[in-house]
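Peer 1: I am attaching a structure below and will ask some questions about it afterwards.
The values are calculated or read from the model by the stated rules, or taken from the named source; none is laboratory data. The structure displayed is predicted, hence computed values, not measured ones. Don't worry about glycine lacking a Cβ; one is built from the backbone with ideal geometry, like all the others, and counts go over all protein chains shown. Ligands, DNA and RNA are excluded from the accessible area calculation, which covers all protein heavy atoms including side chains. Shrake-Rupley method; radii C 1.70, N 1.55, O 1.52, S 1.80 Å.
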Amino acid sequence: MCEDHPERSRGVTHHASRITGGMMRFSKLVDYLAELEATTKRLEMTATLGRLFKEASEEDIAPIIYLTQERLGPAFEPIDFGIGEALAAEALVKATGKSKEDIKKLYKDCGDYGLVAEKLINDKTKRLSVVDVFDRLKEIATTSGEGTVEKKTRLLSDLLTQVTGHEARYVLRIPLGRLRLGIGDPTVMEGLSWSVTGDKTLRPQIERAYNVCSDLGQVAHVFKAEGVDALKKIKVQVGNPVRMALAERAKSAEDIVTRLGKCAIESKFDGFRCQIHKKGNDVRMFSRNLEETTAMFSDIAEGIRKQLKAKTAILEGEALAYDPDTGEFHPFQVTMQRKRKYDLEAMTVKYPLRLMAFDLLYVDGKDITGEGYAKRHETLASIITPDDKVQVAQHLVTQDAKEIEKYFMEAITGGLEGIMAKRLDSKYQAGARNYNWIKLKRSYQGHLSDTVDGVIVGYLRGRGMRARFGIGALLVAVYDDKQDKFTTVAKIGTGFSDVEWPQMREMLDKISVDHKPARVEAVMQPDVWVEPKYVIEMQADEITRSPIHTAGKVGDEPGYALRFPRVIGFIRTDKKPEDATTVKEILTMFGKQGKSKVSEQ
Ligand code: ATP
């Protein structure tokens, strides 16, 4: 049983607590976290965040946002807490005087080191501020060198001896990634708006700033310190990834011409999207979901240093593995091999990459996202000396559907995925998906012409063959970006191998929750709910109306569902849940089919 231990040792501390005027106590944040934990409705969550942000001072706001999202900084600069379960257990031993066996036994009963800490620590003195705890966790995270584990353990146990039991629950849950609040960026942005207006009206201004700098902590700090108008000051900067512009879909070449008229047609390359930031010889790269990939793609960085004439620049392109002998691109499965964290040197030799650059956002101190696409592309071509590592994607400017069709066929024959059409005068709209860019992909017979990226929100135990795995089907949702909700679109049991199902179950059990997550809307009840975290790519025959799915559901009308869905690949690690296919896209895809059916699937 989990029980208190009154005589635990308190350990010595060498940190002076420094609560000052405006700083929020950590205990206050903890009260809010507990309130958020008990909330199942997104609107309540937003209102609660609004109150929390209102109460926060300008010093507190960024640490509060990072901590509630289980981070120590923006997502593109991940600082690993470096606190695993073993280290947490050891720190608890030190902080409480209990034996390792006792701690392990309690953990077995509670299944959560946060709860173990809460049971064992019964100090009532609230000493620390949010900033204190944030700084301490950061100190632990950045400790390195000889004896790191011991140092980290000591620092964490020191911290645990200065908090109350209730605080300790969160001091451990945050670094262990067990908050399970599921607070997405849109909810944080709306919470910020609520903190001032009591509604979400300021979200567009907040979102614009976020799209440009990708750091909600920075946005919140400026918002809190200087008000909403000051957010305009946040500009594109080398080193801060810009949230990427995305494409809508077309069903045909005519469709493209109708929407764009005269436009630029490029090949659609099937590799990794890269946003590259160059400052002198310093080159950094970010993926589709803004994770840093510099270490993985050192050959491209080298190409940029040699082939890009500008001193400072932000450019985008697609990186693909190619065969140096023939100059041809490898299929995506081969390019995928480059996405690993070991044997990096050997991989650059075995599968060298080439960047097909297609856009320029910033050059020699100037933000050019406001210029038209044609102009940006022209500047891009003028600053690159094409060679093996970096080339500029060529394009055809036309308004002739027949010519587009021909370009498309050639792309497909050349093993590419299709084409991208771009509006000639379009600005680079950070974080936006609209018809400035339109993708036309090859369609497979009997298949939707595009795949759907869905977020797993639960699983069913399964009967029949897969009952032995304890998992037989996934409940998958798409993203409603207007409401920051996940609405279900498929129950899917096809596409994983017998090896993958148990792996999937293990991964999902780590993020299971005992009630429907706050941002999920579903009619169907899975056996196990999971936090919306993992994105999978699905192929389906078509989209149908369905009364048992909630995607696109309005009132009593049926929602939309995938017919005969099957998984392609495993988890899409390059996408966050909020990057999944949106409800709006599902509706567009449904519209393009030109028919409506009701399914009981
Ligand atoms: P999305 O990124 O739109 O959510 P997705 O990840 O499933 O969708 P696709 O639908 O295949 O990707 O198409 C968009 C992606 O195509 C871009 O993010 C980019 O990585 C890639 N791409 C390839 N060639 C080009 C090009 N010429 N211009 C822009 N993007 C391109």
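Peer 1: Are any residues in segment 137-149 open to solvent by 20 Å² or more (accessible area, probe 1.4 Å), closer than 19 Å to Leu176 by Cβ and of a type outside the set (S, T, N, Q), and if so, which ones?
Peer 2: Lys138, Glu139, Val149, listed by residue number.
Peer 1: Among the residues of segment 468-506, how many are among the hydrophobic types (A, V, I, L, M, F, W, C) and either open to solvent by 50 Å² or more (accessible area, probe 1.4 Å) or part of a loop (DSSP other than H, G, I, E, B) (or both)? Break it down into steps so the answer makes sense when it comes.
Peer 2: Narrowing segment 468-506 to residues among the hydrophobic types (A, V, I, L, M, F, W, C): 469, 471, 473-478, 486, 489-490, 492, 496, 499, 501, 504.
Keeping just the survivors that are either open to solvent by 50 Å² or more (accessible area, probe 1.4 Å) or part of a loop (DSSP other than H, G, I, E, B) (or both) gives 471, 496, 499.
Result for segment 468-506: 3.
Peer 1: Conditions: (1) in contact with a Pro (Cβ under 8 Å, 6 or more places away or on another chain); (2) more than 16 Å from the ligand (Cβ to nearest atom); (3) touching a residue at least 60 places away in the same chain (Cβ under 8 Å). Val523 meets all but one. Number of the miss?
Peer 2: Evaluating Val523 over (1) in contact with a Pro (Cβ under 8 Å, 6 or more places away or on another chain); (2) more than 16 Å from the ligand (Cβ to nearest atom); (3) touching a residue at least 60 places away in the same chain (Cβ under 8 Å) leaves (3) as the failure.
Peer 1: Being open to solvent by 20 Å² or more (accessible area, probe 1.4 Å) and in contact with a strand residue (DSSP E or B) (Cβ under 7 Å, 6 or more places away or on another chain) is the filter here; which residues of segment 508-528 pass it?
Peer 2: Of everything in segment 508-528, those that are open to solvent by 20 Å² or more (accessible area, probe 1.4 Å) and in contact with a strand residue (DSSP E or B) (Cβ under 7 Å, 6 or more places away or on another chain) turn out to be Ser512, Val513, His515, Lys516, Glu521, Ala522, Met524, Asp527.
Peer 1: Looking at segment 453-467 only, could you name the residues that are touching an Asp or Glu at 6+ places or on another chain (Cβ under 8 Å) and not in a strand (DSSP E or B)?
Peer 2: Residue satisfying the conditions is Arg461 alone.
Peer 1: Across segment 316-336, which residue is farthest from the ligand (Cβ to nearest atom) among those that are open to solvent by 50 Å² or more (accessible area, probe 1.4 Å) and among the polar types (S, T, N, Q)?
Peer 2: Across segment 316-336, the extreme among qualifying residues is Thr326.
Peer 1: Considering segment 269-287 alone, what residues qualify as being touching a helix residue (DSSP H, G or I) at 6+ places or on another chain (Cβ under 7 Å) and open to solvent by 30 Å² or more (accessible area, probe 1.4 Å)?
Peer 2: Selection gives Asp270, Asn281.
Peer 1: Something else: Can you find even one residue in segment 241-249 that is away from the ligand (no atom under 16 Å from the Cβ), farther than 17 Å from Asp387 by Cβ and either open to solvent by less than 40 Å² (accessible area, probe 1.4 Å) or in a helix (DSSP H, G or I) (or both)?
Peer 2: To start, the set of residues in segment 241-249 that are away from the ligand (no atom under 16 Å from the Cβ) comprises none.
No, the conditions are met nowhere in segment 241-249.
Peer 1: Further, regarding this structure: Which numbered condition in (1) assigned to a loop (DSSP other than H, G, I, E, B); (2) open to solvent by less than 40 Å² (accessible area, probe 1.4 Å) is the only one that Lys341 fails?
Peer 2: Condition not satisfied by Lys341: (2).
Peer 1: Let me ask you something else. Quick one: in segment 408-425, which of the residues that are surrounded by fewer than 20 Cβ atoms within 10 Å (Cβ to Cβ) and more than 18 Å from His330 (Cα to Cα) is nearest to the ligand (Cβ to nearest atom)?
Peer 2: Looking at the filtered set, the residue picked out is Leu424.
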